[in-house]
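K.L.:
What follows is a structure written as structure tokens; I'll ask about it next.
The values are calculated or read from the model by the stated rules, or taken from the named source; none is laboratory data. Predicted, not measured: the structure shown is a model, and the values here were computed from it. Backbone-built Cβ (ideal geometry, glycine too); neighbour counts: all protein chains shown. Just the protein is used for accessible areas: all its heavy atoms, side chains included, with ligands, DNA and RNA removed. Shrake-Rupley method; radii C 1.70, N 1.55, O 1.52, S 1.80 Å.
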Amino acid sequence: MPPRRKLSDLDRGRAIGWLQDGVAARQVAQRLAVAPSVIIRLKQRFHATGRVQERQRSGRPRVTTQREDRFIQRQAMQQRMATANNIRQRLQATTNTVVSGQTIRNRLHNFGLRTRRPVRGTTLTANHRAARRAWCTQHVRWQRQQWAQVLFTDESRFCLEPADGRIRVWRRRGERFAEGAVRERQRFGGGSVMVWGGISTRLRTPLYHVVGNLTGVRYQNEILQPLVVPALQAIGPRAILQDDNAPPLLCSCKHLHPAGQGQQDAVASQQPGPEPHRAHVGRALSSGTATSPSSCQSGSTAAMAPAGVEWSSQSIHMQPDPLHAPTMC
């Protein structure tokens, strides 16, 4: 930690007293945890002027008062997207004080405010916010053992060459199209890659590469049967499957509901907006007959189970779960 460069009025008086008692300047600096040059300048000032206080510094006076500085900070905090020129115009209209845009930026820098790129978020309606608050209130007291029963799954699409504008280039005036200053990119974004995966506190599923469009039939045959069902069985009889309610996924998860079972308490597709859902997977019997999956177009409610496994009568219980908003590339 570097030594201090300034002393209070009390420390200046103590330092002069020690110096008059014959204590060396370096020892005084060690006692006060400051640089030796601070004590030497203090000694020279005392011998020249007989005072220990620093003389008043000259310079350009501040064009804004403390009240106007708080006004600038309040404007930036209330409207985060406002530019320095916008705040300058509001300050001039309110207090009749004329300043430059750089002065506004300097004042905001003093308050620790600097411009950054905003984080992109999904638009949420009032119904979405209310549903999320209700979900959080319901699960706020869940224990670690309860969260260990949840299998979170989601699919994400990654653009191969996103044009996010974060790459900068050093160039002089007139070199906009110079060789080396132009970044080449593929037309239409250069394509994308979609992957699917699931995680829980106990395990994680293999990362599955989705080629083409993910339909309900493909989700059943390529993801639900070989990946989701074994993971739920490994978690335990009270495992919970949670994924977003994309139409193909929601239609496929309905087929986990056994035939003849009562109507579900709530279906996520009936919720306002693209809100997620969760399927509670109950106790799976170690013996029984397997039921083949059916497509979404057939409208069948046959249960989908792996070979040698039959879902019990309490196998699936779907409820609205507005925890995560849908992801988009």
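K.L.:
Fully extended, how many nm does the chain gain between Met81 and Glu179 (0.36 nm per residue separation, minus their Cα-Cα distance)?
P.N.:
Here the segment from Met81 to Glu179 would lengthen by 31.7 nm.
K.L.:
In square angstrom, rounded to the nearest 10, how much accessible surface does Lys6 have for a 1.4 Å probe?
P.N.:
150
K.L.:
Moving on to the next point. Accessible area, 1.4 Å probe, largest first: how do Leu227, Leu160 sort?
P.N.:
Most to least solvent-accessible, the answer reads Leu160, Leu227.
K.L.:
Considering only protein heavy atoms, with the full assembly of protein chains and a 1.4 angstrom probe, order Trp142, Trp170, Trp135 by accessible area, largest first. Write down the numbers at each step before the final one.
P.N.:
On the way: Trp142 60, Trp170 250, Trp135 15 Å².
From most accessible down to least: Trp170, Trp142, Trp135.
K.L.:
So if each residue of separation counts as 0.36 nm, and I subtract the Cα-Cα distance between His209 and Val195, what length gain in nm does that give?
P.N.:
4.6 nm
K.L.:
Where does each of Asp9, Asp21, Asp154, Asp244 land when they are ordered by accessible area, with a 1.4 Å probe and the largest first?
P.N.:
Asp21, Asp9, Asp154, Asp244
K.L.:
Kindly report, to the nearest 10 Å², the accessible surface of Leu207 as traced by a 1.4 Å probe over protein heavy atoms only.
P.N.:
For Leu207, solvent-accessible area is about 130 Å².
K.L.:
Hey, another quick one. Measuring from label point to label point, each 7 Å out along Cα→Cβ, what is the Ala93 to Trp147 span in nm?
P.N.:
Going by the 7 Å Cα→Cβ label model, 4.7 nm.
K.L.:
May I ask you to give the solvent-accessible area per residue for the stretch 1-140, in square angstrom, as obtained with a 1.4 angstrom probe?
P.N.:
Ligands and nucleic acids excluded, the result is 78 Å² per residue.
K.L.:
Same structure, new question: How much FRET efficiency would the formula 1/(1 + (r/R0)^6) give for Thr122 and Arg55, where r is the Cβ-Cβ distance and R0 is 51 Å, rounded to 0.05?
P.N.:
Between Thr122 and Arg55 the formula returns 0.30.
K.L.:
Apply 1/(1 + (r/R0)^6) to the Cβ-Cβ distance of His139 and Thr115, taking R0 = 56 Å, and write down the FRET efficiency to the nearest 0.05. Numbers along the way, then the final one.
P.N.:
On the way: r = 37 Å, r/R0 = 0.66.
About 0.90, to the nearest 0.05.
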